[in-house]
Amino acid sequence: MSDRKPIEGLPSASAPSPEELAAEVEWLREQENSSGIKRAFAFLRKGGPGYLQSALTLGGGTAATMLFAGAAFGYGLLWVAPVSMVLGVIMMSAVAHQTLSTGLRPFEAMRRYAGPVFAWGFAGGAVISSIIWHFAQYSLGAAVISDMGEAAGMEISRGLGGAMVLAIAIVWAFAYGKSSRALRYFETSLKILVWGIVACFGLVVLKTGIKDPVALFKGYIPFQFPESDSGVQASTVVVGGLAAAVGANMLFLYPYSLLARGWGRDHRRLAHFDLLAGMFVPYMLATSLMVIATANAFYYGDLEFSGTRLSPVEAAQALASVVGEGLGRWIFNLGILGMAVSSIILQMVCCGFVATEVLGWKFGSPKYRLACLLPAPGVLGAVLWTDVALWVAVPTTLLCGFMLPLAYIGFIKLQRNRDYLGDDMPKGGRGTAWLGGMVLATLTLTVFLIWYAVTKGPDFISRLFG
């Protein structure tokens, strides 16, 4: 199994050659004898799929939830994003273990060993969530471009801003996997983009400072539900954070990005490290910095937060008085824009991958590219959804969150299926703990989503249509 050949028909136009893979496997085996620190630095140079997940999850839903958290609760909900992502990493690490141990493509594995209902829920959830969130991402991206133009003394309409984002997204989505070099450029660009997002918010925090170091430390203690003078309930932000951390489209895209690199059993440790270094760490840093930035300006500062009507663009304009009208406003907006654009690109790629599996369309073909454009009508969100207030974005995130539990249950079934994993099925205390973490992640997400829908759904509907 460790010397298996790359799977035929893998979604990549130029898979690594057998010689390249053999050299990489030999390199990985050499790292097993290295110290932990030396191995970590070596793995940092080889990672990549984890950054795709960072780029996809650092989108409008994350921005909305974290800005809301900082403005309403200060540092009190800093724990939400890392705890949510830990639950996500537990599930994604199991997906990596299953995919790299067997080499079987996930949709087929789900269909064969978990059942067609879970397989179609897995694929359908990925497409539906990508389409739903496309509208909000374009609304966010267009608003940010328009605001950046205003800060520079130019007038850029939201329609033009949306068209600019669409053009960039199409170019990069079509470039994915065209060749080994294009794939490396694509993943490198996402690494730069992810750390650029972190740097943008880091500069804002550097300008505003830390208002209350003790509260900052306490904010990372899990499962606090502080109260807010604005009337916002902490549970809304907690549920939004859980839903925003991992999306159904992320769950579909991730295992295929592993297979597209030709990774196999020998890459399992690298894949798990990459989830921490490329997905968890950037996500935790970016979300923490967003919370701190808006907390400094609103909760601990002089700016007023109404509890409902704060959009990311309004946050950028408000923060301009704190970090500087020109450069400061641009820096914050660039961070938000990077989040929207990266999510749009990878949502397109995800829809293309679903088409290769469900419809059997060849990767890179005109039909595949047509599938990538499936969520493109979301560009209308740039002009139709002009109100990107957080009270709309958070429930949208929750709606997409409902696509996840069915896929999670499917992967739990696969984790305990000996016919599928054989001797690679996790055993003993480690296997029990891993499975328990997967069940905990599923139950936590499901219970909170149902609770929110029952208790807060009617209020959201009345706001939206009232």
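Quick note: the coordinates plus some simple rules give every number you see, no bench work behind them. Just so it is clear, the structure is predicted and the values come from calculations on it, not from any experiment. In this analysis, Cβ positions are derived from the backbone assuming ideal geometry, glycine residues included, and neighbour counts consider all displayed protein chains.
A few comments on the model shown:
- With a cut-off of 15 Å between beta carbons, the residues surrounding Gly36 carry a summed charge of +1, where Lys and Arg count +1 and Asp and Glu -1.
- When all alpha carbon pairs of region 44-465 are counted in 20 Å bins from zero, the resulting P(r) reads 28, 59, 12, 0 %.
- The Cα atoms of region 115-190 give a gyration tensor whose axes a ≥ b ≥ c have a/c of 1.5 or more with a/b no greater than b/c, which makes the shape oblate.
- Sequence of Tyr452, Tyr256 once ranked by neighbouring C-beta atoms within 10 Å, starting from the fewest: Tyr452, Tyr256
- Exposure proxy order (Cβ contacts within 10 Å, fewest to most) of His97, His272: His272, His97
- In summary, region 15-159 shows an alpha-carbon radius of gyration equal to 1.44 times the 2.2 N^0.38 Å reference for compact globular proteins.
- Loop-located trypsin sites (Lys or Arg not before Pro) in region 133-238 whose Cβ has at most 16 other Cβ within 10 Å (DSSP): Lys178, Lys211
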